[in-house]
Structure formats: C-alpha cells, structure tokens
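Here is the structure we will look at.
The values are calculated or read from the model by the stated rules, or taken from the named source; none is laboratory data. Only a predicted model underlies this, so the values are computations on that prediction, with no experimental measurement involved. With ideal geometry, Cβ positions are generated from the backbone for all residues, glycine too; neighbour counts draw on all protein chains shown. These accessible areas exclude ligands, DNA and RNA; they are computed on the full protein's heavy atoms, side chains included. Shrake-Rupley method; radii C 1.70, N 1.55, O 1.52, S 1.80 Å.
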Amino acid sequence: MVAPLGINYGQIANNLPLPENVVPLVKSIGATRIKLYDADPHVLKAFANTGVEFIVSLGNEYLSKMKDPSKAQSWVKTNVQAYLPATKITCIAVGNEVLTFNDTILTDNLLPAMQSVHTALVNLKLDKQVTVTTAHSLAILQTSYPPSAGAFRRDLVNCVTQIVDFHCKTGSPFLINAYPYFAYKGNPKQVSLDFVLFQPNSGIVDPESNLHYDNMLFAQIDAVHSALASIGYKNVCVQISETGWPSKGDADEAGATPENARKYNCNLMKLIGQKKGTPMRPNSDLNIYVFALFNENLKPGPSSERNYGLFKPDGSQAYPLGVPAINAVSTNSSNSGGSGSTPSASVPPASSSSGYLAITSDSGTSLSPCKTLLLYFVSFGLWKKLDNYYHL
C-alpha cells in the first residue's frame, strides 16, 4: 500500500509529537511531500536532509503585507532561504481558499501578494527551485457535472484567469481542496458510499465525453481540468492540496467512521501508487496531498474537524493503515496552531492560514448552502434532481 504521496501537516493542537519524532511517521506511509499551513522552523529543521519536499504557507491575514516587496523578501529570506538546501522547500502557498471568502479586499490582495513573493524568489535566485501558488476551494466552480462541462463561477472568472496566467508564466501548480466526504455527509441516502470511497461500483458516464467515472474525486478533478480549459488553459498542472475523510464525527455527520476513513485514504494511496491518472488525464500522475497527518484537538467546529488524521497525537494509527506501527509518544505541548518564527514589527510570522481552521465550511462564500452542497453532489450525477428542487 505504501506509495509516494503528499500529506498535510497541520498543528492546531497542543499534544502533537515533536517534529523530529514525526519524521519516521511520515516515512512509514511513504509520504515524500508535506504541506504546512505555516513555515514552522522546528518542522523545517527536523526534516533537513530527509529528501522530503515541502510546501510552506503564508496565511490569509498576511496577504496585504506581502504586497510590499521588502516584506515579502524578508519573509522569504527568513522562512525559505534560511533552510535551503538542507530542507527541500519547493513551493510557497500564499493564502488558502481566498476566493470563496467573498472578501473583496482579500481577493484583491491575493495575486499581488503572489507576484511579490515570486519577485522575492527571483531576486534571491530561488525561483528555479521554489514556486508560488495558492489553494482554492472546489466552490470556485459554478458547474461541475458533467465533468466535461466544468466551469468557474462567473464572478470569479476574471480573477481566476489572472491567477492561472501567473501559474503558466512561473510554472507553478493550480491547487484545489476537494472532499467527496461532504457529498456523502450531506445526503447519505442518495450518494453512493462505494462511489466516494473508491470501492467497486457501476460508476457514472459523462454524457458529453463518454468517459466513465468510478469515483467522485476523479470526477471533481476533471471538472477542474474542464473549467481551466474553458478559459483557455489546457495544460496547467492541477494538484489536490487537500482531500481526506474523518474517522469520527457528531451524530449528524454521516459516514465519519474509522472504517470509512480507512477505505478512503488507503484506496486513495493505492491509486496514487499505481500512477493512475483521471479519465480525462490518464497519463498524468496524481498529485494529491491527503488531509491530514494528525488529529488536531484544538480545531473549532464539529467533531469531524478534529478527526481527519491518519495518526493520533501519540503516533499510533487512527485506524489500520497497513504499515508498521511507529512509536512517537514524545509530545510538544507548546503547539497551538503551527505558528512559526516569532514575528517582528515588519515581517509577518510563519503563521497558520485562517482559511484552514474550518475545512467543512466555505466561510464567507457567496453561494447559498444549497448551491455549496450542490457542488459536491453534482459529481455523482444529481444535477437535474437538485436543479429542479432548488431552482438553481
């Protein structure tokens, strides 16, 4: 089952193992890439000379400051350059799910911040080894079924186009957070559990492309490919920056069980290991970061928010992963959000993104709850039924 994959290493908790004890856990599942929600110096030092690739992040709250070239360069020097080449930092994620917060100031600051950080990399001669990107919610799509008809929200097309143009010019990936779990949670009687868990099922056929889909995640990924093609970009590298399944939830959170989490994540890791692409991109390797490495006890929201981890804080597996158990009981009680270096007056800290605190809601999105839920249902082929019911 062990396959090269990416893993999200969140730290909104006060009982996680020390970073040096996390290294063997990451290696035990065959993960070769880590995405941080900050630029935690303790983590970056612990993974020096391990060969593990890192995406480090700048939180939404620092976008306005990153527009200042001097502040962007100071941040890159302190949080990226200082750890190269021992720690293999390959990407900087600027902001998280910014476009669906429906905050015009935040949205207006996103691309300038990305450009400023990239300019800092160029000035430091690091742009050939470190790229700049941002992660989006699947809710940036207006249409996602059938996958061949994928399209961005009309109010976001202009902004998305400029961002994708930046990706093409700088060679950076387009990141999407996708959670088939939300579809099942929202309507377990109509959404096939096997379809969302990569289990054997009859699947769906895209009536336009005639491509067959046997799982929802691939349908969602190809809807993004179609949306990108619809604005003139057919060859952008799409990566899934977050996807996962909770092992525990509240009474109203259908499907949040250890067995379902095991099936989702283990089946996904098998697919990654098979180097199997999506129906629309069969020859392209999957670039996926599983959410998440640990259960995080300080995350707000429903119980599921605190139970996405492959591992418990003591390093034991949250459910059988099919790999040898590793002892990582030493904890770092100072962890309370994955904050990085101490902030100065002018340089923002390597802090967790505010957009990461609650993954089960699209905070601030302009879509109604029905339309937000629709984005997760449509990949299963329920578009017409919901369209008639909600008059969308």
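Structure notes:
- Here segment 150-182 and segment 55-89 have alpha carbon centers that stand 22 Å from each other.
- Segment 192-277: trypsin sites (Lys or Arg not before Pro) in DSSP coil with no more than 15 other Cβ atoms inside 10 Å: K234, K275, K276
- Cα shape, segment 195-243, gyration tensor, a/c 1.5 rule: oblate
- The residues T32, T87, sorted by heavy-atom accessible surface at 1.4 Å with ligands and nucleic acids left out, run T32, T87 from largest to smallest.
- With contacts taken as Cα pairs under 8 Å at a separation of at least 6 residues, segment 279-327 carries a relative contact order of 25 percent.
- Relative intensity, log₁₀ I(q)/I(0), of segment 199-298 from a Debye sum that treats every alpha carbon as a point, q = 0.13, 0.18 Å⁻¹: -0.55, -0.97
- Take F218: with every protein chain present and a 1.4 Å probe, its accessible area is about 10 Å².
- Between segment 247-302 and segment 102-125, the Cα center-to-center distance that results, in Å: 30 Å
- Heavy-atom surface analysis with a 1.4 Å probe gives segment 39-170 a carbon and sulfur content of 49 percent of its accessible area.
- Note on D108: accessible area is roughly 110 Å² with a 1.4 Å probe, heavy atoms of protein only.
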